[in-house]
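Read the structure below first, then the notes.
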Amino acid sequence: MRFLESVFLALSSLRAHKLRSFLTLLGVIFGVMTVVAVAAVIEGFFRYVDRTVTADLGANTVLLDKFGIITSFEDFLNANRRNKDIMLSDGQYLQERMTLAQYIGVQGFSSAEIRAGNEKLTGINVKGNTPNMVYIDATQPDLGRYVNESDNERRRYVALIGVEVADKLFNTREAVGREIKINGLPFEVVGVAKERGSVFGQSQDDFVIIPITTHQKLFGTRQSLTISVKGYDNGNLQDLQDQVRMLMRARHGLSYNDKDTFGFVTSEAINNFVQALFGIIAAVALGVTSISLVVGGIVIMNIMLVTVTERTREIGIRKSLGARRKDILMQFLIESTTLSLVGGAIGLGLAYVISWLLVKFSPIPAELPIWAAFLAIGVSSGVGIIFGLYPAWKAAKLDPIVALRAE
């Protein structure tokens, strides 16, 4: 029997027994749908993290802070005990000696209460930035300006605010020149930042940026800071990090065998950490959802066995007319694979709809990659072949004389 004829026979069987076919394919549909949807969420998450981290840190930027990337509570305790606080003078030290850095900026972070008139916001992130962070930071002014050198030298009470802060305090983004109070102290709004949206439902626009010197005046000079070192566009990130490490080790008086008393954060390091952490979770999630495919395959095997029993006389007639065992085997194998492929196609379509709904109505990122479509086709074909093999073999080995006697 020709291949296309077997396919058409399988499709006609689907049309003739619509309810039975739907119940048969339900397991494969659900299995492919869940596997592809989970794969889309995982792929979307990895790509989203990569884009967000690269946008925030920059592809050629190294962050120097007290801890670096912490992977356990024990690491945190060890780093907190061993590592030294990063100070504003460290940024000045690097500024004077770095040859591979294009810009070096310093940031401090605190949380404060922000007021304007009768409106009040609590727990707002207040960043103290050096003026040159404008060349490094992803946050850029949309209205007004960034904090400048004059603001920093004079410790002026000026602020660049996020659009969410402007909307909530003034009910408008035209807030330049207006006054806010940070922990009760008056600040002039000199700029409103461009909107950046949210990450996993968490807003990136609820912040206030003030000069680093003003920040230390308000919140003290004892807290550890973060130094952002941006290399040249054609520079090597590892060379940049090595130069920062060499200078900081010399500044901290470390010998060759001593561990670093500071930490680094780069976009590549964060992506590697996220992929290592969530790669295991992704593998487990895909493994668990794949169980439904096994169930769907068992249902297909059961229905194909019933089909072989129902069509025993047909098999006998085909054999008596010259059909070989191989022909019968291929006929039923193609039928089971076609059934499974139809289920896979429906499951792929549903997975696409689910991914679209997640992106449209939730903060969960989901991107249906090309490989997910091939995964759906490959998995559903594999299920059809594996679980259709035994029924096809059983049909192929039927004795034609016994088959012709079947009612």
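Computed from the coordinates by the stated procedures, all read-outs in this text should not be read as laboratory data. Source: prediction; values computed, not measured. Positions of Cβ are backbone-derived with ideal geometry, glycine not excepted, and every protein chain shown enters the neighbour counts.
For R145 and V294 in the same chain, what is the full-extension length gain: residue separation times 0.36 nm, less their Cα-Cα distance, in nm?
In short, 47.6 nm is gained.
Check the straight Cα-Cα distances from K181 and name the aspartates and glutamates below 20 Å, setting aside those fewer than 8 residues away within the same chain.
E113, E119, D151, E164, D167, D205, D206
Just name one of V147, V190, G123: the one whose Cα is farthest towards the positive end of the charge dipole of region 84-261 (beta-carbon charges, Lys/Arg +1, Asp/Glu -1).
After comparing all options, I get G123.
Once you have the alpha carbon radius of gyration of region 84-261, what is it after dividing by 2.2 N^0.38 Å, with N set to its residue count?
Region 84-261 yields a ratio of 1.12.
How do T139, T122, T24 rank when sorted from fewest to most other Cβ atoms within 10 Å of their own Cβ?
T122, T139, T24
If r is the Cβ-Cβ distance from Y232 to F8 and R0 is 51 Å, what FRET efficiency results, to the nearest 0.05?
0.20
Cα-Cα over 28 Å: which of K66/K127; K127/K230; K168/K360; K66/K360; K168/K217?
Correct reply: K66/K360.
Could you give the dipole magnitude of region 84-261 about its Cα centre, charging the beta-carbon of Lys and Arg +1 and that of Asp and Glu -1, in debye to the nearest 20?
For this selection, approximately 460 debye.
For K397, give me every one of the lysines with a C-alpha distance below 18 angstrom, ignoring sequence neighbours fewer than eight places off in its own chain.
Straight-distance partners of K397: K319, K326.
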